[in-house]
1. Looking at Ala101, Ala77, Ala97, which one is out of contact with any Gly (no Cβ under 7 Å at 6 or more places or on another chain), assigned to a helix (DSSP H, G or I) and surrounded by fewer than 16 Cβ atoms within 10 Å (Cβ to Cβ)?
2. Give me a count of the residues in region 19-33 that are of a type in the set (A, V, I, L, M), surrounded by fewer than 24 Cβ atoms within 10 Å (Cβ to Cβ) and over 13 Å from Ala225 (Cα atoms).
3. For region 196-220, enumerate the residues that are within 13 Å of the chain's Cα centre (by Cα) and within 16 Å of Ala34 (Cβ to Cβ).
4. List the strands (runs of 3 or more DSSP E) inside region 1-67, counting only whole elements, that have at least 1 residues being modelled with pLDDT under 95.
5. Does Asp200 meet the test of being within 20 Å of Asn69 (Cα to Cα) and of a type in the set (D, E, K, R)?
6. Show the residue pairs that are 6+ apart or on different chains and have beta-carbon atoms under 9 Å apart, the first residue being within region 172-183 and in contact (Cβ under 8 Å) with a residue 60 or more places away in the chain, the second being loosely packed, with under 15 Cβ neighbours inside 10 Å and not in a helix (DSSP H, G or I).
7. Among the residues of region 55-64, is there at least one that is β-branched (Val, Ile, Thr), in contact with a helix residue (DSSP H, G or I) (Cβ under 7 Å, 6 or more places away or on another chain) and buried (at least 24 other Cβ atoms within 10 Å of the Cβ)?
8. Condition check: surrounded by fewer than 20 Cβ atoms within 10 Å (Cβ to Cβ) and free of Cβ contacts under 8 Å to residues at least 24 places away in the same chain. Does Glu122 satisfy that?
Amino acid sequence: MCTLVLLHRPGADWPLLLAANRDEMLARPWLKPARHWPAQPDVVGGLDTLAGGTWLALNGAGMVVGVLNRTGSLGPAAGKRSRGELPLLALRHSNAAEAAAAIAALDGAAWRSFNLVIADTEAAFFVRGLGEGAIEMAALPPGLSMVTNTEPNDLAHPRIARHLPRFVVAAPPSPPDWGAWPRLLGDADGPWSATLNVPDTNGFGTASSALIGVAPGRVSFLFAAGAPDLAPFEAV
């Protein structure tokens, strides 16, 4: 149950700010964000070495894409393609609107259910696949959106209900100063269903964390190679 927080403010000094925690089986191998894909040399993201895809990456055009599992769909399934290829497919495009439309045109039955967030400095989209039928896309409004394994800003979800107000009231960061956001990502308090930074639970927990800011001609990408209350955020 990963978490992605997007602050989208077209026209602001930093129009696109993103914070994300990756929750995964902790034994699943991965590599830190880098240019891992020779066929897409402008893409920087973390590499899932098991399936070859990524959970979060950006390209040279300043577009950021993150993929999250939906409820009850952790891990691979026979006959389904890896959801980690979806960000790479999206990042073949030069803007968020084009990328979202391209993903929505794919066969939704090819992957287990997923949530995909696609954003650049001009627009942001939520793309949902349910494991069957058509893939759906919708524009995300300006402001703050929080996504886990259900719908954006779903206040029926304990994690969103607890943490969305905290990000809303936190002073908007201005990279390289990320303000309170690293501390919020590292919050391991509360019941398991509402915890943003998930402690190791039967080998599952928060495996890494990222902060990405995009502005015209500028990118800030910080990565914590572990739980964000323990691992330092370092520049990619």
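1. Exactly one of Ala101, Ala77, Ala97 is out of contact with any Gly (no Cβ under 7 Å at 6 or more places or on another chain), assigned to a helix (DSSP H, G or I) and surrounded by fewer than 16 Cβ atoms within 10 Å (Cβ to Cβ), namely Ala101.
2. The qualifying residues number 2.
3. Result: Ser208, Ala210, Ile212.
4. 16-25
5. So Asp200 fits the description; yes.
6. Pro172/Gly179; Pro173/Gly179; Pro173/Ala180; Ser174/Asp13; Pro175/Arg218
7. Scanning region 55-64, I find no residue that is β-branched (Val, Ile, Thr), in contact with a helix residue (DSSP H, G or I) (Cβ under 7 Å, 6 or more places away or on another chain) and buried (at least 24 other Cβ atoms within 10 Å of the Cβ), so the answer is no.
8. Values: surrounded by fewer than 20 Cβ atoms within 10 Å (Cβ to Cβ): yes; free of Cβ contacts under 8 Å to residues at least 24 places away in the same chain: no.
Against the criterion (surrounded by fewer than 20 Cβ atoms within 10 Å (Cβ to Cβ) and free of Cβ contacts under 8 Å to residues at least 24 places away in the same chain), Glu122 does not qualify.
The values are calculated or read from the model by the stated rules, or taken from the named source; none is laboratory data. The structure displayed is predicted, hence computed values, not measured ones. Cβ atoms come from the backbone with ideal geometry, glycine included; neighbour counts cover every protein chain shown.
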